[in-house]
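Below is one structure; the comments refer to it alone.
Bear in mind that the values in this text are calculations on the coordinates, not laboratory data. Everything numeric here is computed off the predicted structure, so don't read it as measured data. Positions of Cβ are generated from backbone atoms using ideal geometry, with glycine treated the same way; all protein chains shown enter the neighbour counts.
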Amino acid sequence: MTLTVVAVGAYGAEDVLVATSGPHEGWVWTGSADGGLHRVSPDGRQVQHLGSTGGRPLGLEWMPDGRMLVCDARRGLLVSDPDGVGVAPLLTEVEGRPFTFCNNAAVASDGTVYVSDTGLRPDFSRSNTDAVYRFAADGRVAYHRDYWDPAEGIYEKLPWIGGLFRWIRRRAGGGPRAAERSGPVVRRHRAGRR
């Protein structure tokens, strides 16, 4: 295997999307930190700057109709043609709640779209809005799952509470546990009783 590094002319290339058929077969798309969308020829010799999302493109995926789905951390879910022309918002919010950090997507063969919202604020602090969305082919929200763990939020805001819970467990006779947590980091793995 030969490794080839291709500079796209911008910082922070994120995700890659390859055309497996059609007029752009073998070309590779990526987004960059400045909002740019770029396309690289199959041999890596030609890099085309296609335009900008006006935000921060992260995940890229093909839609069944040949358009490109763009997860933009700042603007939400966008759609573009393969030439980067006509970048337009598809969704900026779900059920009245704006995307916090639209991160990645996957499109199933039936047109169902899965989108992750990492729940990070622009300064990369957590917002506790982590979610995975599933949109049916007709655009309905078919599934919405928040992945915020309230217990993790308690440990994060009140780290001493973990010590209290461990003390209570010890006083009550312990018990099996897979992981003991203090803050957001797994501290110890244990199986069976003490």
Handout entry: Restricting region 27-106 to trypsin sites (Lys or Arg not before Pro) in coil, as DSSP defines it, with at most 14 other Cβ within 10 Å
Key = Arg45
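Mind running the shape call on region 1-132? Use the C-alpha gyration tensor, a ≥ b ≥ c as the square roots of the eigenvalues: rounded below 1.5 for a/c, prolate if a/b tops b/c, oblate otherwise. List each step's numbers first, then the result.
On the way: a/c = 1.95, a/b = 1.47, b/c = 1.33.
Prolate, because a/c is 1.5 or more and a/b exceeds b/c.
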Exercise for the section: Compute the length gained on full extension between Ala33 and Val6: take 0.36 nm times their separation in residues and subtract their Cα-Cα distance, giving the result in nm to one decimal. Expected result: 8.1 nm
